[in-house]
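To keep things clear, I will list the structure first and then write my remarks on it.
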Amino acid sequence: MNKKMVVARNLLLCALIIGGYTLSIGHVAASGSVGTQSSAQPREDLRRFMQSKVHQEYTFLSYTIWHNRPLTPAKMDSIAASSVKIVGLSNELTAYVALYKEQGWSNEDVKLFEEKRLQLSRVAQELSRAAQKRDTREVHNFFTHLDNTCQSCHKRFRPDLQWL
Ligand code: HEC
């Protein structure tokens, strides 16, 4: 890519990320009233978990990887640490499966959720390894995979959430 294309691409990514933020903030505001009903509580809990933990790491990674070049060793270390946190978060996601099942998830939903949850864990592990190796190319690749993993799970459960 030439320089102009890189600049244009970065500008586009920034616009998309800001758009994504606005979208997520909109959801938090919109979900406030739903949270008052007790039957909606598990959904609220998962939303909050996604928003305040998973999405927070994702935003950090996205900014550091795409907008804060070059990837110095210190940044690589923080990318590795953030990815390890995502591995932990993907383990915590199992807690929500039983709750969702009670609320009417089919076996197929449960299966897909579990597959995607494991995929998130594996990709985050790869990303962490790539950052430890200081391999910029692999970091870019695995972050793209990570992003796709978020989106492929949302495609089923929250199709309104396509932020990139
Ligand atoms: C295993 C499936 C799965 C994966 C993987 C996943 N999510 Fe989610 N996410 C969900 C589900 C289900 C919801 C919807 C919760 C609801 O509305 O009931 C959700 C909702 C969200 C929301 C919306 C919260 C709100 O305020 O409504 C954000 C933001 C989010 N996820 C971010 C992410 C990011 C970033 C990643 C990847 C790093 C990711 N998610 C990976 C299942 C997943």
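Please treat every number below as a calculation from the coordinates, not as lab data. This is a predicted model, so every value here is computed, not measured. Ideal geometry is used to build each Cβ from the backbone, glycine not excepted, and the neighbour counts take in all protein chains shown.
Of the residues 127, 120, 93, 99, which is within 13 Å of the ligand (Cβ to nearest atom) and surrounded by fewer than 18 Cβ atoms within 10 Å (Cβ to Cβ)? Before the answer, list the steps.
Numbers: 127 fails: surrounded by fewer than 18 Cβ atoms within 10 Å (Cβ to Cβ); 120 fails: surrounded by fewer than 18 Cβ atoms within 10 Å (Cβ to Cβ); 93 fails: surrounded by fewer than 18 Cβ atoms within 10 Å (Cβ to Cβ).
It is 99.
If you scan the range 130-156, which residues turn out to be in contact (Cβ under 8 Å) with a residue 40 or more places away in the chain, away from the ligand (no atom under 15 Å from the Cβ), outside any loop (DSSP other than H, G, I, E, B) and surrounded by fewer than 19 Cβ atoms within 10 Å (Cβ to Cβ)?
132, 136, 140, listed by residue number.
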